[in-house]
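Q: Quick one: the structure is below, and I'll ask about it shortly.
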Amino acid sequence: MADHPSKSRWEKENVTQVSLKLNHNTDSDILEALQGKQKQTEIKRLLRIALQSEKQK
């Protein structure tokens, strides 16, 4: 089912998609930390914490 044209236009103007591949062997610690959590939400939360920490330096 195709998106509504206005939704597609809104997403084109307001959304950036970022893809992330994690290796089961070398990134197992990250995968474990994300286990059972909403991945997108948790990654955003952790990035915001890191950005805030950088800002305070």
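Q: What residue, among those in segment 11-29 that are surrounded by 10 or more Cβ atoms within 10 Å (Cβ to Cβ) and over 13 Å from the mean Cα position of the chain (by Cα), is farthest from residue 43 (Cα to Cα)?
A: Taking the candidates together, the pick is 11.
Q: Also: Look through segment 31-57, keep the residues that are basic (Lys, Arg) and not in a helix (DSSP H, G or I), and return whichever of them is surrounded by the most Cβ atoms within 10 Å (Cβ to Cβ). Let's see the steps before the verdict.
A: Taking segment 31-57 as the starting set, the residues that turn out to be basic (Lys, Arg) are 37, 39, 44-45, 48, 55, 57.
If we keep only those that are not in a helix (DSSP H, G or I) as well, we get 37, 57.
Details: 37: 11, 57: 4.
Restricting to residues being basic (Lys, Arg) and not in a helix (DSSP H, G or I), the top hit is 37.
Every number here is computed from the coordinates shown, using simple stated rules; none is lab data. None of the values given here were measured: they were computed from a predicted structure. Please note: Cβ atoms are built from the backbone with ideal geometry, for glycine as well, and neighbour counts cover all protein chains shown.
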